[in-house]
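Written out below as structure tokens is the structure these notes cover.
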Amino acid sequence: MQDHRVQRRSARQTMAGGAFSFAAPLIDQFLHYLAAERRLSQNTLAAYHHDLTAFFLFAAKRKKIDDIKKIDAETIRAYLTHCHDQGIATRSNARRISALRAFFRFLLREGQVDDLPTALIDLPKPGRPLPKVLTVAEVTRLLEASAGISPLALRNHAMLHLLYATGLRVSELVGLPLAAVQLTAGHLRIRGKGNKERLVPFGEVAKARLEEYLREGRPYLPKSKRNDFLFLSLRGTAMSRLRFWQIIQETVAACGIRKAISPHVLRHSFATHLLEHGADLRAVQMMLGHADIATTQIYTHVDANRLKAIHQKYHPRG
């Protein structure tokens, strides 16, 4: 099923961008490989397709290239210069280079190219920005502002509580099936990136909000008895990520917090607050579903910055 969706999408986009038709079939093969062998998500596949499409449009239109074997390091450098001139961020360019590297490694294994034009291209090294987080007081204000007695208010209240209590990705939250919630045990069974399963615990407060929603909110939403998703929209389907983002913006406006807040900010806050209160880094890694602990370690930098600020404020020689 996943492969079929990738094929349909990429074929439509290829026809729309016929200028690089020489590369389109190879891009399709690469996407199928990523879906079937590496089991990457649809969002990740779409990102690869976008990055490769942008490059080959440039190669075909600006450099008049019509053969995959004519792509060389100079073409890629010219493309990166073009991206820089367009104001594209260093981080985005690093991602585009990574996509090209993976693509040409695949082509080399398949015998479609004789060498790697990306071999001499270095990744830009942007300074990694620290994640934005809320204070505990700000999280409390946000959660209190979402309270209400209507079925939708109970749903929103439960979603925000569960997001902060577990640090789920927004796609995991909105796609959460009823069967994944173990109220008695106090944990969720999450199938995340790479189709990997993990158990994520939640506390008594989130449990109470979930029970309230399941008892007094969800049964009064459309198609609640015919739908397996935990959080339902007004159409009786799973809520979209965009709609949940809008709900957060509405709640932020209601409580007067003057920060840009997204679902990912609550995920960052979950991890940061756990580590600030002494949680083990490996445990936080498992709850977040990070494959590499280096990804989780950025939250220790947030805490280090807080400690540095305290030191500078209170130390006599700070």
Filter the stretch 178-199 for residues that are under 20 Å from ASN43 (Cβ atoms), surrounded by 14 or more Cβ atoms within 10 Å (Cβ to Cβ) and not small (Gly, Ala, Ser) and give the result. ILE190, ARG191, LYS193, ARG198
When the stretch 213-264 is checked residue by residue, the ones that are of a type in the set (A, V, I, L, M), surrounded by fewer than 12 Cβ atoms within 10 Å (Cβ to Cβ) and under 18 Å from the mean Cα position of the chain (by Cα) are LEU242, ALA260
When the stretch 84-110 is checked residue by residue, the ones that are among the small types (Gly, Ala, Ser), exposed (fewer than 12 other Cβ atoms within 10 Å of the Cβ) and closer than 13 Å to TYR33 by Cβ are none
Of the conditions (1) surrounded by 15 or more Cβ atoms within 10 Å (Cβ to Cβ); (2) under 17 Å from the mean Cα position of the chain (by Cα); (3) not polar (S, T, N, Q), HIS273 satisfies every one except a single condition; which number is it? (2)
Which residues, counting only those in the stretch 79-117, are β-branched (Val, Ile, Thr), more than 20 Å from the chain's Cα centre (by Cα) and in a helix (DSSP H, G or I)? THR81
Within the stretch 43-66, which residues are among the charged types (D, E, K, R) and at pLDDT below 90? LYS61, ARG62, LYS63, LYS64, ASP66
Need at least 3 residues that are in the same structural domain as LYS225 (by TED's automatic domain parsing), among the hydrophobic types (A, V, I, L, M, F, W, C) and within 24 Å of THR140 (Cβ to Cβ) per element, so show me which helices (runs of 4 or more DSSP H) inside the stretch 236-297 make the cut, counting only ones lying wholly within it. 241-255, 263-276, 281-288
Residue under question is LEU168, and the condition is that it be part of a loop (DSSP other than H, G, I, E, B) and either in the same structural domain as ALA279 (by TED's automatic domain parsing) or exposed (fewer than 14 other Cβ atoms within 10 Å of the Cβ) (or both); does it hold? yes
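The values are calculated or read from the model by the stated rules, or taken from the named source; none is laboratory data. None of these values were measured; they are calculated from a predicted model. A quick note on method: Cβ atoms are made from the backbone with ideal geometry, for glycine too, and the neighbour counts reach across all protein chains shown.
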